[in-house]
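First the structure, in the form of structure tokens, and then the observations on it.
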Amino acid sequence: TLLLTPFLDRYSPANQTTAIAAYKTRGYTHWKLWWPDSRDGNGQSEDQFVATMQLLQANGLYPVPFLYAKGFDAVNPDITKNDSLITKMIAGGVAQIACIGGELDLFNTPGATLQTLITHVADQLVPAGCLCYVHFSEGYVAWQAPGDLGSAFWSANVGKLTGILHQKKLCWDDGMYQARLADLIVRFGTGV
């Protein structure tokens, strides 16, 4: 009754089939995966990870891999660390959607340092037709240099990022969350 989708590679093939069927029955379409955790937490190879993505895709789902993560990747990680995986994702036909990393603000210096990572990854994935996203800790919508507006972050990522996988603050009720998202949309539209 409970499934942590990034841990799909820890289940038996029979349980993977059951989980995927149950997921689809609920009308879900996108399946979150954590490459750093599969790599370091479960010893998966790049080829095994791509095969998991292909399995999901063959079942009509969109795999959404998070490429970098706190706890598994160093502070300000090597921007080339996932180049080989990205090449295999593109060659394997599974580079449709990707998230640069989870909670990027917790292990990357804001501004130019994070931008270098985003640009490096996006420059490989976007030409292959991949939609690229970012994810920050709860409530954050950008990770710009100190003194800059959030619009500076997003302006620098036009043509690189499709958007944000936003994490709601747990203390926000639905009304507050709607208001915060509306505010975010207004800021995107006005550049402030």
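The values are calculated or read from the model by the stated rules, or taken from the named source; none is laboratory data. Keep in mind that what you see is a predicted model, and the values were worked out from it rather than measured. Positions of Cβ are generated from backbone atoms using ideal geometry, with glycine treated the same way; all protein chains shown enter the neighbour counts. Just so you know, the surface numbers come from the protein's heavy atoms only, side chains and all, with ligands and any DNA or RNA stripped out. Shrake-Rupley method; radii C 1.70, N 1.55, O 1.52, S 1.80 Å.
Structure data summary
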quantity	calculated
Under 5 Å, built H, 5+ apart or other chain: amide partners of T162	C132, Y133
Full-stretch length increase - Y62, L2 - with 0.36 nm per residue and alpha-carbon distance subtracted	19.6 nm
Ranking by accessible area, most exposed first, for R26, R10 with a 1.4 Å probe	R26, R10
Estimated D of the chain in µm² per second, where Rh is the Kirkwood radius over Cα pairs and Stokes-Einstein applies at 10 °C, 1.306 mPa s	91 µm²/s
Amide H within-cut-off set for K32, under 5 Å, with H built and near neighbours excluded	V64
Residue pairs, from the table K81/K168; K88/K169; K32/K169; K24/K81; K88/K160, whose Cα atoms sit over 26 Å apart	K81/K168; K88/K169; K24/K81
Relative packing of peptides 179-187, 70-78 - highest average C-beta neighbours within 10 Å first	70-78, 179-187
Residue-averaged 222 nm ellipticity for the chain, from DSSP H runs of 4+ at -39500 (n - 2.57), nearest 500	-11500 deg cm²/dmol
Calculated from backbone phi, Karplus (6.51, -1.76, 1.60) coupling profile of the stretch 137-153 in Hz, x at Gly/Pro	5, 4, x, 7, 10, 7, 9, 8, 4, x, x, 8, 7, x, 5, 5, 4
Check: the chain dipole with +1 on Lys, Arg Cβ and -1 on Asp, Glu Cβ, in debye	420 debye
Rounded to 10°, Cα long-axis angle of helix 174-190 versus longest principal axis of the chain	60 degrees
Heavy atoms of H120 accessible to a 1.4 Å probe, total area in Å² rounded to 10	50 Å²
Potential extension, Y28-L165 segment - 0.36 nm per residue separation minus Cα distance	47.7 nm
Gain on full stretching of the segment that runs from S151 to T87 - 0.36 nm per residue minus C-alpha separation	20.0 nm
Cα lying deepest toward the dipole's positive end in the stretch 1-149, options P65, I86, G139, charges on Cβ	P65
